[in-house]
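Here is the structure we will look at.
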Amino acid sequence: MLAFDPSAGLGDDRFMGRVQTNGVEIEYEVDGDPGDPTLLLVSGLGGQLIGWDDGFVELLIARGFRVVRFDNRDAGLSTKCTGDGAAILKALFTGTLAPSGGAIPYTIEDMADDAIGLMDALSIDAAHLVGISMGGMIAQAMAAHNPGRARSLCSLMSTTGAPGVADSQPGILEALASPPAPDAAGRLAQGIAAARLIGSQGTLFDEDRVRTKVVRELQRCDCPAGVARQLLAIVASGDRTDAVARIAVPTVVVHGSADPLVPLGGGEATARTIGGAQLLVIDGMGHDLPVQVWERVANAVCDNAARAGAFR
């Protein structure tokens with residue numbers, strides 16, 4: 001596998017560390033001028049902070065943000081929780097596990113509290129929130145339940161959890177939940193196959209870039225059981241429409257027209273639910289952020305933040 005340097009690429013303003021909050025430890029990384037407005041990037045299901053490409057982060061810094069990335073619980077270098085991941089997945093897909101009671105290690109709201117605790121530890125009173133997929137759900141919960149801590153919200157390829165608005169294409173979830181391969185080569189092949197299954201197609205899909213990304217993530221942390229527990233948190237949180245409707249900060253909803261995992265209806269439902277939200281649909285984009293859309297997404301984040309008075 002390829003070697004990588006997790007500290008390379010963004011200059012002298014980068015620092016990283018770990019904080020204790022909400023009963024867990026959260027690994028984080030900060031880039032950019034400390035005097036700039038803070039933008040918090042919230043990762044999706046199984047995602048690690050390195051999943052936010054340095055090139056995309058550089059675009060955000062160039063637009064005047066100080067960028068904070070972190071590992072959600074059960075991902076990356078943050079705390080791993082307990083619970084049999086394989087048994088959770090089997091029960092979810094066979095309909096034998098009701099999302100209630102002691103079977104739930106934590107919820108989306110718990111993960112939102114983790115992120116708020118990280119902000120507290122870093123003395124961040126309020127931040128612009130950008131969440132992708134499950135991270136969009138976490139960012140929505142942060143903005144809904146802690147309104148003074150969010151300055152603006154960008155919900156990327158996410159949903160409200162309302163039934164029927166964003167059902168994955170048949171077989172997608174089952175394919176993603178297949179048992180992990182027993183060796184590194186098999187895990188790499190699974191990661192590339194998953195990215196191809198849910199990601200953008202045609203010229204927007206760069207297999208070499210995907211391969212490098214998967215290698216980096218597997219080298220840093222490989223925790224399939226954590227992905228299962230995060231998935232249970234999503235299922236357990238159910239329909240969050242009432243909470244999402246309470247969001248009162250400037251919001252932009254970004255979604256791909258060709259997303260097979262969280263179809264466009266999820267983004268449309270989110271935009272309808274949040275008062276004054278803007279919807280940006282990117283033609284041909286799947287459940288990923290290909291390089292070709294970085295500028296457009298960064299501009300959307302920046303323009304939305306400006307609606308909150310982020311910049312002079």
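Out of all the residues in region 223-271, which are among the polar types (S, T, N, Q), surrounded by 24 or more Cβ atoms within 10 Å (Cβ to Cβ) and over 25 Å from CYS302 (Cα atoms)? Walk me through it before giving the result.
Just the residues of region 223-271 that are among the polar types (S, T, N, Q), to begin with: 230, 237, 241, 251, 257, 270.
This time we only want the ones that are surrounded by 24 or more Cβ atoms within 10 Å (Cβ to Cβ), so: 230, 251, 270.
Listed by number, the list holds a single entry, GLN230.
The lone criterion from (1) open to solvent by less than 20 Å² (accessible area, probe 1.4 Å); (2) among the hydrophobic types (A, V, I, L, M, F, W, C); (3) free of Cβ contacts under 8 Å to residues at least 40 places away in the same chain left unmet by ALA175 is number (1).
Residue by residue through region 272-295, note down the ones that are surrounded by fewer than 19 Cβ atoms within 10 Å (Cβ to Cβ) and assigned to a loop (DSSP other than H, G, I, E, B). Correct list: GLY275, GLY276, ASP283, GLY284. For SER123, the criteria (1) over 29 Å from MET16 (Cβ atoms); (2) outside any helix (DSSP H, G or I); (3) open to solvent by 10 Å² or more (accessible area, probe 1.4 Å); (4) of a type outside the set (Lys, Arg) hold in every case but one, which is (1).
May I ask you to verify whether GLY148 is under 20 Å from the mean Cα position of the chain (by Cα) and either assigned to a helix (DSSP H, G or I) or closer than 21 Å to ILE282 by Cα (or both)? It is false that GLY148 is under 20 Å from the mean Cα position of the chain (by Cα) and either assigned to a helix (DSSP H, G or I) or closer than 21 Å to ILE282 by Cα (or both). Could we say that ARG272 is over 27 Å from ASP239 (Cα atoms) and among the basic types (Lys, Arg) here? So ARG272 fails the test. Applying the condition of being hydrophobic (A, V, I, L, M, F, W, C) and part of a strand (DSSP E or B) to region 9-29 and asking which residue is farthest from ASP74 (Cα to Cα) yields PHE15.
I'm trying to understand the selection: among the residues of region 30-56, which are of a type in the set (D, E, K, R) and part of a loop (DSSP other than H, G, I, E, B)? Correct list: ASP33, ASP36, ASP53.
Residue count for region 223-254 under the criterion of being at pLDDT 95 or above and either over 22 Å from PRO163 (Cβ atoms) or not hydrophobic (A, V, I, L, M, F, W, C) (or both): the result is 11. When we screen ASP183, ASP167 for residues that are open to solvent by 60 Å² or more (accessible area, probe 1.4 Å), of a type in the set (D, E, K, R) and free of Cβ contacts under 8 Å to residues at least 12 places away in the same chain, the only hit is ASP183.
Every listed requirement among (1) open to solvent by 70 Å² or more (accessible area, probe 1.4 Å); (2) modelled with pLDDT of 95 or more; (3) outside any helix (DSSP H, G or I) is met by GLN219 save one, (3).
Considering the conditions (1) within 23 Å of ALA243 (Cα to Cα); (2) in contact with a Leu (Cβ under 9 Å, 6 or more places away or on another chain); (3) among the aliphatic types (A, V, I, L, M), MET137 is excluded by exactly one of them, (2). Is region 24-41 home to any residue that is under 13 Å from the mean Cα position of the chain (by Cα) and not acidic (Asp, Glu)? Yes: one or more hits.
The values are calculated or read from the model by the stated rules, or taken from the named source; none is laboratory data. Everything numeric here is computed off the predicted structure, so don't read it as measured data. Every residue, glycine among them, receives a Cβ derived from its backbone with ideal geometry; neighbour counts consider all protein chains shown. Side chains included, ligands, DNA and RNA excluded: accessible areas come from the protein's heavy atoms. Shrake-Rupley method; radii C 1.70, N 1.55, O 1.52, S 1.80 Å.
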